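Some notes on the structure that comes next.
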Amino acid sequence: MRDAMRHGGPDDEGTYIDDTFSLALGHRRLSLIDLTSGGHQPMSDDSEQIQIVFNGEIYNYRELRTILKNTGFNFSTASDTEVVLKAYRYWGINCFTYFEGMFAIALWDKKKQQIILARDHAGIKPLYYYLTSDRLYFASEIRAFAHLQYSFSEDEAWRAYFLSFGYLPEPHTTLKNVKPLEKGSALTIQIPSLTSSLYHFFKLNFSADIKNEKDAVQLTKAKLEESVQRHLISDAPIGLFLSGGIDSSILTLIASKHKQADLHTLSVIFEEKEFTEEKFQQIIIQKTRAKHRSYLITRKIFLEHLPDVLQAMDQPSIDGINTYFISKYAKEYGLKAVLSGLGSDELFGGYPSFQRVDRYSLLQSAPSLLLRLLKYINNYQYKKLSYASLKNNPGEYLVYRGLFTPQMTARLLNADEGQIVNQLNELQNYYPDKFLNNENRVSYLETSFYMQNQLLKDSDFMSMWHGLEIRVPFLDKLLINVLTRIDPAIKFKKDLPKYLLVKAFDNELPREIWERKKQGFTFPFMNWLSESDYLMPQTTNEQTLYQKFSANKLSWSRYWCALLMNRFDVSGLKYHT
């Protein structure tokens with residue numbers, strides 16, 4: 001299991017075994033803080049009664065170290081891992097409330113005979129576990145479970161979820177009862193009884209406490225600048241993805257203040273000019289004097305690497321290919337970590353869904369029967385509105401981003417449409433109604449579904465495949481706590497794209513960057529994939545979809561989704577290539 005994740009931790013390895021409790025911990029290390037052997041894991045406390053394996057970064061570890069030193073703790077390393085270990089010794093399970101960062105942590109407390117699994121406030125770092133009355137397994141990637149001498153059942157619903165969303169929404173994976181730990185929570189498991197209890201140490205709470213625009217702008221600017229400064233902490237080379245959009249440009253501008261002589265940025269460019277943002281990247285490069293490298297991706301390079309892209313996918317996803325390439329080139333650049341603008345669109349209203357919220361409210365007022373009838377319309381954009389008949393959070397999200405409707409999914413899987421609808425409705429228990437209005441509700445949906453299940457997961461397994469860490473300053477806990485308190489009327493003002501963010505940096509951000517039309521971080525996939533043998537249909541269903549795709553009656557993302565579903569080997573947890 002440990003070495004199945006060697007790609008993400010190429011610098012060191014370690015194992016702890018306790019035969020008395022039939023317990024083993026394994027760790028692979030990507031060294032970023034304290035590059036010496038002092039950061040080796042599993043790490044134990046002085047009494048060797050507590051062991052830790054930890055993936056991620058605690059950005060305020062120096063401040064916590066000072067506090068703990070003042071209470072009498074001594075430190076023998078310069079690592080944040082030792083700070084986590086001793087914070088647990090001092091604060092117990094409440095220690096996780098003090099951490100500002102991203103983490104997946106397993107702590108073995110031998111004296112209390114319990115394991116604690118913990119995952120950061122935003123679910124940036126993945127942590128999957130399988131817990132029954134007689135066994136516990138956990139890992140940072142699902143692929144590790146394939147190396148156990150234990151037979152897992154397939155999650156019966158994963159294909160329906162994948163066709164609906166283009167990814168697997170939490171709490172589902174392709175393996176039955178192998179599920180992600182909830183973000184912002186710690187699971188305590190007693191050994192050997194394997195009884196457990198869940199403790200939530202962070203939850204999103206939206207309000208409108210901050211109603212003064214000047215205060216909102218100043219707080220946003222201050223908290224994001226502090227976040228970027230924290231996220232630049234590293235003993236290894238670190239840089240930034242620079243796409244040329246608002247988010248990465250602002251991060252680069254802030255970072256340039258702290259790394260004036262050593263600011264590294266990178267970007268990808270294409271021969272297809274409609275996809276290249278080089279002009280806007282150069283504006284920021286000239287303004288910050290960053291040490292920048294651009295990497296050209298051609299159709300030939302894309303097709304050559306497609307088999308490896310598929311192997312890098314830990315779980316089925318229609319996205320992530322862009323992150324694969326930018327991570328590959330960051331590694332070639334010699335970087336160990338990079339800052340990304342992920343999370344900004346969800347928090348500042350950068351997606352089209354934020355503009356459609358009023359129309360969705362009107363749609364919701366229609367009778368469910370009428371909404372269900374929309375599935376019979378040939379035009380897919382109208383057909384997709386039938387998701388609104390679910391009258392819940394998954395239904396609203398799927399109106400904005402759904403791929404195949406329940407009717408289409410049932411046809412592809414030769415299943416009952418009612419069963420597909422029931423499976424989608426079951427997700428409401430995991431994504432409960434937050435009683436939010438308008439744009440705050442959309443922010444919650446985009447954060448909880450799209451960002452959580454697609455962007456963060458894809459970013460983690462694609463970057464780890466190349467031994468690279470992606471850091472996300474927009475998901476800083478202190479920044480999120482401020483943003484969720486700002487009145488939506490200010491936060492999502494429609495005068496400018498991502499109004500509040502742009503206003504916070506209007507004296508620094510060049511007008512050309514925010515004034516242009518939004519361009520997502522996309523590749524010319526459809527054109528490139530059309531020349532790939534991987535795209536050729538292998539089943540009757542695929543043949544039917546391929547004919548629609550070739551006639552421009554089916555989007556590449558939906559055709560790609562169906563192919564990926566069919567080619568995923570659940571027993572081996574990998575794609576056929």
_Looking at Arg411 and the list (1) touching a residue at least 60 places away in the same chain (Cβ under 8 Å); (2) of a type outside the set (Phe, Trp, Tyr); (3) in a helix (DSSP H, G or I), which single condition is not satisfied?_
(1)
_Positions within region 60-91 being within 23 Å of Ile238 (Cα to Cα), at pLDDT 95 or above and assigned to a loop (DSSP other than H, G, I, E, B), in sequence order_ = Asn60
_Selection from region 191-239 of residues that are farther than 25 Å from Ser79 by Cβ and touching a Gly at 6+ places or on another chain (Cβ under 7 Å)_ = His200, Lys203
*Check Thr20 against each of (1) farther than 22 Å from Val338 by Cα; (2) among the polar types (S, T, N, Q); (3) not in a helix (DSSP H, G or I) and name the one condition it does not meet.*
(3)
*asked:* Checking the condition surrounded by fewer than 17 Cβ atoms within 10 Å (Cβ to Cβ), under 16 Å from Met464 (Cα atoms) and charged (D, E, K, R), which residue from Lys336, Lys287, Lys391, Lys331 passes?
replied: Lys331
*Just checking, how many residues over region 457-481 are part of a helix (DSSP H, G or I) and over 15 Å from Leu240 (Cα atoms)?*
13
*Under 6 Å between Cβ atoms, at least 6 apart or on separate chains: pull out the pairs that start in region 440-458 with a residue that is over 15 Å from Leu475 (Cα atoms) and end on any residue that is of a type in the set (A, V, I, L, M) and open to solvent by less than 10 Å² (accessible area, probe 1.4 Å).*
Val442/Val357
*Would you be able to tell me the number of residues in region 339-382 that are over 30 Å from Ile490 (Cα atoms), part of a helix (DSSP H, G or I) and open to solvent by 40 Å² or more (accessible area, probe 1.4 Å)?*
7
*Within region 427-435, is there a residue that is buried (at least 20 other Cβ atoms within 10 Å of the Cβ), of a type outside the set (Asp, Glu) and assigned to a helix (DSSP H, G or I)?*
yes
*Any residue in region 274-303 that's among the small types (Gly, Ala, Ser): show its pairings with residues that are part of a helix (DSSP H, G or I) at Cβ separation under 7 Å, as long as the two are six or more apart or on different chains.*
Ala290/Thr252; Ala290/Ser256; Ser294/Glu278
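The values are calculated or read from the model by the stated rules, or taken from the named source; none is laboratory data. Source: prediction; values computed, not measured. As a convention, Cβ positions derive from the backbone with ideal geometry for all residues, glycine included, and neighbour counts pool all protein chains shown. Ligands, DNA and RNA are stripped out before the accessible areas are found, and what is left, the full protein with its side chains, is counted by its heavy atoms. Shrake-Rupley method; radii C 1.70, N 1.55, O 1.52, S 1.80 Å.
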